[in-house]
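These notes concern the structure reproduced below.
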Amino acid sequence: MMSSTLTDELKNRRPENVKILCQLLSIPSVSADPQCADSLHQAAATLSELFQIAGTGWSCEVVPTAGYPIVWARYRALGNRRRAIVYGHYDVQPADPLDLWTTPPFEPTLRDGKIYARGATDDKGQMLTHILSALAWMKTAGQLPIDLDYIIEGEEEVGSENLERFLAEHRDELKADVAVISDTSQYAPGWPAITTGLRGIFACEVRVHGPRKDLHSGVFGGAIPNPIRELTRLLSLLHNEHNEVQVPGFYADVVPLTDADRAGFAELPFDQDAFLAETGAIGLRGEAGFTPLEQRWARPTLEFNGIYGGYTGPGPKTIVPASATAKITCRLVANQNPDVLMKSLEVFLRSQLHPSCRLEFTADHGCPAFLMDRQSPFLQAASKAIEAGFGKAPVFIREGGSIPVVATFKRLLEIDTLLLGWGQNTDNLHSPDEHFSIEDFHRGTLASAILWEELAKV
C-alpha cells in the first residue's frame, strides 16, 4: 500500500498545490482566440517547468505543431514495468459572456469551498492532479511505481487538429498498457464514478435547393417547390412515433444492453423532476422502451441542431426561398460505424427527395463510440484507487458525449482509456462561473497517486 509518508506529503502540499493550480488558471489560454496565442505558449511553458523539477528519470519536450505545442513529458525507470499515458489539455473555452461571471474568469477565486475560474474543471484542475501526484511520489520515494507519458495539448477545444499527427509520428515510442484521462465527471456529489463508455458521433449539413433565387410568393408560389417545406418533410421522415431513427441499418450493429447493464443503471439515483428543472423542459420524450439514463448513455440518437432558410428578420417578407438548411448530428454506441451510417443517411434522404428539388449533403467530423470491458484489470485497479482516495467505491457510468482522443488511442496505440472524473456536471463547464471543488481536487490527487501503485500490480 502507498506509504503514510506519501499521504502526509500530499496533505502538507495542499496549499502549494492550490497555488500551482491558481497560477495555471490565471493564464487565458483560449485556443479559439488568436489574440491568446502567447498565453497558450505560456501555459505550455508553465507545465513544462513542473516536469523539469520532477527529478531523475524525467524528460520533457514542448513539441511544436502547426498550431499550439504539445507538452510531452516522460518518466522512465529501469526494468520491465507497466506504462500509462496521461492525456490532458491546457487550452480552455472562451469566457464570454464576461458580465455573467461573479469574479473575472482568469482571476482564480476561492469561495464556498470551490475555485472559480475558466478551466477549473475543464481541464486544467483535473489534469493537474495527475502531475501533482507524480511529483509527490518523486519527493517521497525518489521514483514512481510505473512509467508514464504525459501528452498535454493546447487544441482540444478547437478540434485537436494536430494531436493525431503527433500520436502517429511517435506511435512506437508511445507503446503503453493503458491511458488515463480526467476530463469527465463524478455521477453526483458524493458519488465518485468511472466512465466506462462514451457515445461516438458524426455531424453533417443537409441543404435543399429549389429555385435559383428567392422569388415572389404571390407570383410564383404554388407552382414551384418550396425548399423549407421539402426539407421539413424530409426531416419528419427520420423518426417514427416511438422516437426510433428510420435511417436504414441505423440499429443493425448496436450492442444491446445486458440485464446487468440495465440493473446497474437502475441502481443509480435519478430524480426526474430535478432533471426537468435543470433542463427547463416540461416533459420527457425519448426512445420508447428505455429509461432516461439508457437513452442518454447507451442508445444512438439523431438530433437536429439547427435549421434555417428564407427570411428570418422582423416582419413579413413574401418569398419562396432558394434554399433551406439543417444541421444534424448522430450520437453512436459501440460497434456503430460513423462513416457507414453517414452514407446511409445521405442515401436515404436522396431517395426520399422530391424530383423538383436538389439536395446538397456535406459530411463533417465523426468518431466511433468507446466501451470498456467491465472485467478489465486496469478498471479494477482504478476502482481501488478511487475508493481509497474518495472514501467510497466508484459507480460505473457512461457519458452521452464523445472524447475523440479515446477512439484515437484505441485505433493508433491499441489501448483502452480509464476515464476518471473528479469534477461534477454542475461545475459550469463552458459556462460563466466555472468552478471545481477544492476537496475533490485534493481527493483526485490522492486517488491518482494510489492509481500508479495499483496499476503497477496489474
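HIS435: out of contact with any helix residue (DSSP H, G or I) (no Cβ under 7 Å at 6 or more places or on another chain), within 30 Å of ASP253 (Cβ to Cβ) and of a type outside the set (S, T, N, Q), yes or no? The answer is no for HIS435. For first residues located in the stretch 337-365 and farther than 19 Å from ALA324 by Cβ, partners that are surrounded by fewer than 16 Cβ atoms within 10 Å (Cβ to Cβ) and of a type in the set (Ser, Thr, Tyr) and lie 6+ apart or on another chain with Cβ distances below 7 Å do not occur. If the condition is being at pLDDT 95 or above and either touching a Gly at 6+ places or on another chain (Cβ under 8 Å) or more than 30 Å from ASP373 (Cα to Cα) (or both), then the stretch 328-337 contributes ILE328, ARG331, LEU332, VAL333, GLN336.
With respect to the conditions (1) without any contact (Cβ under 8 Å) to a residue 12 or more places away in the chain; (2) within 31 Å of the chain's Cα centre (by Cα); (3) more than 27 Å from ASP364 (Cβ to Cβ), ASN240 lacks only one, and its number is (3). Listed by first and then second residue, the pairs with beta-carbon distance under 8 Å, at least 6 apart or on different chains, first residue in the stretch 246-267 and within 14 Å of ARG199 (Cβ to Cβ) and assigned to a loop (DSSP other than H, G, I, E, B), second open to solvent by less than 30 Å² (accessible area, probe 1.4 Å) and of a type in the set (Asp, Glu), are LEU257/GLU294.
Here are some residues: GLY79, GLY57. Which one is touching a Lys or Arg at 6+ places or on another chain (Cβ under 7 Å) and closer than 18 Å to MET138 by Cβ? Walk me through how you get there before you give the answer.
Values: GLY79 fails: touching a Lys or Arg at 6+ places or on another chain (Cβ under 7 Å).
Matching residue, one of GLY79, GLY57: GLY57.
Close Cβ contacts (under 9 Å, 6 or more residues apart or on different chains) running from residues in the stretch 380-409 that are closer than 21 Å to ALA449 by Cα and assigned to a strand (DSSP E or B) to residues that are of a type in the set (Ser, Thr, Tyr) and open to solvent by 30 Å² or more (accessible area, probe 1.4 Å) comprise VAL395/TYR187.
Does SER39 satisfy the condition of being closer than 13 Å to GLY154 by Cβ, in contact with a Pro (Cβ under 7 Å, 6 or more places away or on another chain) and not in a loop (DSSP other than H, G, I, E, B)? Full working, then the answer.
Details: closer than 13 Å to GLY154 by Cβ: yes; in contact with a Pro (Cβ under 7 Å, 6 or more places away or on another chain): yes; not in a loop (DSSP other than H, G, I, E, B): yes.
Against the criterion (closer than 13 Å to GLY154 by Cβ, in contact with a Pro (Cβ under 7 Å, 6 or more places away or on another chain) and not in a loop (DSSP other than H, G, I, E, B)), SER39 qualifies.
Can you find a residue in the stretch 427-448 that is among the hydroxyl-bearing types (Ser, Thr, Tyr), touching a residue at least 12 places away in the same chain (Cβ under 8 Å), under 20 Å from ILE131 (Cβ atoms) and open to solvent by less than 20 Å² (accessible area, probe 1.4 Å)? There is at least one residue in the stretch 427-448 that is among the hydroxyl-bearing types (Ser, Thr, Tyr), touching a residue at least 12 places away in the same chain (Cβ under 8 Å), under 20 Å from ILE131 (Cβ atoms) and open to solvent by less than 20 Å² (accessible area, probe 1.4 Å).
Looking across the stretch 268-291, the residues that are surrounded by 12 or more Cβ atoms within 10 Å (Cβ to Cβ) and part of a loop (DSSP other than H, G, I, E, B) come down to LEU268, PHE270, LEU284, GLY286, GLU287, PHE290, THR291. In the stretch 395-414, the residue that is surrounded by the fewest Cβ atoms within 10 Å (Cβ to Cβ) out of those that are modelled with pLDDT under 90 and not β-branched (Val, Ile, Thr) is GLY401.
For the stretch 331-352, check the following and say yes or no: at least one residue is in contact with a helix residue (DSSP H, G or I) (Cβ under 7 Å, 6 or more places away or on another chain) and part of a strand (DSSP E or B). Yes; the residues of the stretch 331-352 include at least one that is in contact with a helix residue (DSSP H, G or I) (Cβ under 7 Å, 6 or more places away or on another chain) and part of a strand (DSSP E or B).
Pairs are defined by a Cβ separation below 6 Å, a sequence spacing of at least 6 or placement on different chains, a first member in the stretch 72-101 that is farther than 17 Å from ALA117 by Cβ and among the aromatic types (Phe, Trp, Tyr), and a second member that is part of a strand (DSSP E or B) and open to solvent by 40 Å² or more (accessible area, probe 1.4 Å); the pairs so defined are TRP72/GLU61. Looking at the stretch 156-182, which of its residues are open to solvent by 30 Å² or more (accessible area, probe 1.4 Å) and within 22 Å of ILE397 (Cβ to Cβ)? GLU156, the sole residue that qualifies. Here SER356, SER323 are screened, and the one residue that is modelled with pLDDT of 95 or more, over 30 Å from ASP261 (Cβ atoms), buried (at least 19 other Cβ atoms within 10 Å of the Cβ) and polar (S, T, N, Q) is SER323.
Within this structure, ASP122 passes the test of being under 29 Å from VAL406 (Cβ atoms), assigned to a loop (DSSP other than H, G, I, E, B), open to solvent by less than 20 Å² (accessible area, probe 1.4 Å) and of a type in the set (D, E, K, R).
Among the residues of the stretch 373-402, the one identified as farther than 15 Å from GLY421 by Cα and either acidic (Asp, Glu) or in contact with a Gly (Cβ under 8 Å, 6 or more places away or on another chain) (or both) is ASP373. Quick check on GLY310: is it without any contact (Cβ under 8 Å) to a residue 40 or more places away in the chain and either at positive phi or touching a Cys at 6+ places or on another chain (Cβ under 8 Å) (or both)? No, not satisfied. For ALA298, indicate whether it is surrounded by 14 or more Cβ atoms within 10 Å (Cβ to Cβ), closer than 19 Å to ARG331 by Cβ and either among the small types (Gly, Ala, Ser) or touching a Cys at 6+ places or on another chain (Cβ under 7 Å) (or both). So ALA298 fits the description; yes. Please enumerate the residues belonging to the stretch 231-245 that are open to solvent by 70 Å² or more (accessible area, probe 1.4 Å) and either of a type in the set (D, E, K, R) or part of a helix (DSSP H, G or I) (or both). Matches in the stretch 231-245: ARG233, SER236, GLU241.
Just one of the numbered conditions (1) assigned to a helix (DSSP H, G or I); (2) open to solvent by 40 Å² or more (accessible area, probe 1.4 Å); (3) of a type in the set (A, V, I, L, M, F, W, C) is not true of ALA44: (2).
The values are calculated or read from the model by the stated rules, or taken from the named source; none is laboratory data. Predicted, not measured: the structure shown is a model, and the values here were computed from it. Glycine gets a Cβ as well: all are built from the backbone with ideal geometry, and neighbour counts include every protein chain shown. Note: areas computed on protein heavy atoms with side chains; ligands, DNA, RNA excluded. Shrake-Rupley method; radii C 1.70, N 1.55, O 1.52, S 1.80 Å.
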